[in-house]
Structure formats: structure tokens, C-alpha cells
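What follows is a short report on a single structure.
The values are calculated or read from the model by the stated rules, or taken from the named source; none is laboratory data. Please read these numbers as outputs of a predicted model, since none were measured by experiment. Glycine also receives a Cβ, built like all others from the backbone with ideal geometry; neighbour counts cover every protein chain displayed. Only protein heavy atoms, including side chains, enter the accessible area calculation; ligands, DNA and RNA are left aside. Shrake-Rupley method; radii C 1.70, N 1.55, O 1.52, S 1.80 Å.
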Amino acid sequence: MASDHKVGKVVVIMGVSGAGKSTIGDMLAKVLNCSFLDADDFHPLSNKEKMRQGIPLSEEDRIPWLEMLRDVLKENLVVGKTVVLGCSSLQKHYREILRCADAAYEHGSYASKVQFVLLDAQAEVLAGRLEKRAAEGNHFMPVTLLQSQLDLLHIDDAEGIFRVDATLSPQVIVSTIQALLLSKQAIH
């Protein structure tokens, strides 16, 4: 007898500010016919105000925000929904919090229904994008915080994070991510 049980998954589009998380995440969600969540929308006003003032967030600022995101992802996975999340996820322990949205996740195994895709670009490219956004009034993250984010970014190859060149066209990036997700499904 066929099971009607739907298996959800989460694709986290990660990287520092200016990498294109929102643009790519929104496009990917449309292609996958699922919801896109922008982690920035879940920041409390106090976090947004700190960033607007050029003050890097502390662990005390980040952890409750990440735990709230984890809980939202878990709600979607429990009902079998696929979700794309745009979230910086700069450090391994931040990603571990998000991986725990998968109730079956074993800490440190990296085998989770939560898959990470790093949008990778050089600092100069990212700074140019942030300056353009600031000039347009489209973002609360000042370019002055970019270096603090780059300093925080740590990727362990064992995590199996997909890396995609963020300087490619958005359509190519989305197609590349789709191909990576399909290849991962074929392996599992």
C-alpha cells in the first residue's frame, strides 16, 4: 500500500550580506513550488537596530533568533512541507541549531533534512552590492559589518555544504542548486 506521507526538506541559502540569499532563495522557492522565508524578517527590532547602527550581533542576540527559525522550520518539516530559508548561518554551531529542525537529526552527523548552500563571492563583490543596496535604501546592514561577517564565516568540509559561485547569474545559480539537490537525492 502506498504511503501518503510527504517528506519535507529545508534548503538554507547561506552566506554573508550581499551574497544574494534573498534573491536566490525567492527564485529557488518559486522553482521548487514552496515557501521562501527570509531569516532577516524574524529578527527582533533590537537586532535590526543594532545592525543599522553598525554594531555586530552577539551570541545572546543570535541564538534566540536561530532557535525561533529552527522551530518554524520544524513546523514545516513535521507536515511534510519543503521550505527555502535565506539565512547567513555563518558558523557551524548556528547551522547545528537549524539542522535540529529535523527531529531525526543526530548532532554532529550532518545528515539532516536541512541542506545548506553557500553563496560564495569575494569581499569586494559583496561590498559593492551592499553599497548599491544602501544607496537605494534597500537594506539595514551597513557595509561596515561585512568584515565581521566574513570573519565569522566558517565552513567544515565534513558538513557537506554545497558551494555556489555567487557572481554567476541568478538563473545559473538556481539551476546549479537544483542540480546539486537532485544529485543529493539520487545518493540517498
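Worth pointing out:
- Failed condition for Leu37, given (1) assigned to a helix (DSSP H, G or I); (2) over 18 Å from Lys184 (Cβ atoms); (3) touching a strand residue (DSSP E or B) at 6+ places or on another chain (Cβ under 6 Å): (1)
- With respect to (1) part of a helix (DSSP H, G or I); (2) more than 18 Å from Leu150 (Cα to Cα), the lone exception for Val11 is condition (1).
- Cβ-Cβ under 6 Å pairs, at least 6 apart or on other chains, the range 156-171 side over 16 Å from Leu119 (Cβ atoms), far side open to solvent by 50 Å² or more (accessible area, probe 1.4 Å) and of a type in the set (D, E, K, R): Asp156/Lys92
For (1) among the basic types (Lys, Arg); (2) part of a helix (DSSP H, G or I); (3) open to solvent by 40 Å² or more (accessible area, probe 1.4 Å); (4) over 21 Å from Ser58 (Cα atoms), each residue gets a yes or a no:
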| site | (1), (2), (3), (4) |
| --- | --- |
| Ser89 | no, no, no, no |
| His93 | no, yes, yes, no |
| Ala104 | no, no, yes, yes |
| Glu124 | no, yes, yes, yes |
| Leu130 | no, yes, no, yes |
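- Within the range 20-73, restricting attention to residues that are under 21 Å from Leu146 (Cβ atoms) and among the aliphatic types (A, V, I, L, M), the residue that is farthest from the chain's Cα centre (by Cα) is Ile55.
- Candidate set from the range 57-87 (those that are among the small types (Gly, Ala, Ser) and in contact (Cβ under 8 Å) with a residue 12 or more places away in the chain); member that is surrounded by the fewest Cβ atoms within 10 Å (Cβ to Cβ): Gly80
- Residue match in the range 11-23 (condition: open to solvent by 10 Å² or more (accessible area, probe 1.4 Å) and at pLDDT 95 or above): no
- Among the criteria (1) in contact with a helix residue (DSSP H, G or I) (Cβ under 6 Å, 6 or more places away or on another chain); (2) of a type outside the set (Asp, Glu); (3) farther than 20 Å from Phe42 by Cβ, the one Ala158 does not fulfil is (1).
- For Tyr110, the stated conditions do not hold, so it cannot be described as hydroxyl-bearing (Ser, Thr, Tyr) and part of a helix (DSSP H, G or I).
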